[in-house]
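First the structure, in the form of structure tokens, and then the observations on it.
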Amino acid sequence: MGRWNDWYHCMGNTYGTWLPGDRRGFRTERHKHHIPYDYKHPPPKGLYDRLNHRSKRLMTRLPVYLETMEQRQRVLDELIASLLRRQIEVAVAAIDRIHLHALVRCPDHQPRHWIGIAKKESSHYCKISGHGR
């Protein structure tokens, strides 16, 4: 049995809403670089401005915000359905305008992979149903 009986607290954001160089603090992909700042202790003003501007330039579309409760509910329903189709247990999940939190059981220890697929599928189904761009 793995640590915590294979349960993982997964977090995510909608596209483009928390980029490298953000004033609230940030983490690089898979923590490749140590960034000693966070939302409680933000980086000094201007320190990561170039990185943030570069991140914004590299975006291929506008940031995604889940403005209505109907959108949020649809995204959450689709995320959970996608995970359950793959026999990934979901104990609890919550979503707001830009953040996702979920407690999932991944016996194969690949929560990043399964959450990524669930986000992709929920985005697709929300576009089809008219709940997203």
Ile35 fails exactly one of the following numbered conditions: (1) in contact with a Gly (Cβ under 9 Å, 6 or more places away or on another chain); (2) assigned by TED's automatic domain parsing to the domain that holds Pro111; (3) hydrophobic (A, V, I, L, M, F, W, C). What is the number of that condition? (2)
Being out of contact with any Phe, Trp or Tyr (no Cβ under 9 Å at 6 or more places or on another chain), exposed (fewer than 13 other Cβ atoms within 10 Å of the Cβ) and of a type outside the set (D, E, K, R), is that true of even one residue in segment 75-83? no
Quick check on my filter: what residues within segment 1-27 are surrounded by fewer than 12 Cβ atoms within 10 Å (Cβ to Cβ) and under 24 Å from Val104 (Cβ atoms)? Met1, Arg3, Trp4, Asn5, Met11
Pick from segment 84-115 the residues that are surrounded by 14 or more Cβ atoms within 10 Å (Cβ to Cβ) and of a type in the set (Gly, Ala, Ser): which of them is farthest from Trp18 (Cα to Cα)? Ala93
Let me spell it out: the conditions are (1) touching a strand residue (DSSP E or B) at 6+ places or on another chain (Cβ under 8 Å); (2) assigned to a loop (DSSP other than H, G, I, E, B); (3) among the basic types (Lys, Arg), and Arg72 meets all of them except one. Which number is the exception? (2)
Gly25 being at pLDDT below 95 and more than 16 Å from the chain's Cα centre (by Cα): no
Subset of segment 69-83 (residues that are out of contact with any His (no Cβ under 8 Å at 6 or more places or on another chain) and under 18 Å from Gly16 (Cα atoms)): Arg72
Which residues, counting only those in segment 21-64, are in a helix (DSSP H, G or I), without any contact (Cβ under 8 Å) to a residue 24 or more places away in the chain and of a type outside the set (D, E, K, R)? His31, Leu58
Over segment 37-74, the set of residues more than 20 Å from Arg133 (Cβ to Cβ) and in contact with a Phe, Trp or Tyr (Cβ under 7 Å, 6 or more places away or on another chain) is Pro43
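The values are calculated or read from the model by the stated rules, or taken from the named source; none is laboratory data. Owing to the predicted nature of the structure, the values given are computational and were not obtained by experimental measurement. Backbone-built Cβ (ideal geometry, glycine too); neighbour counts: all protein chains shown.
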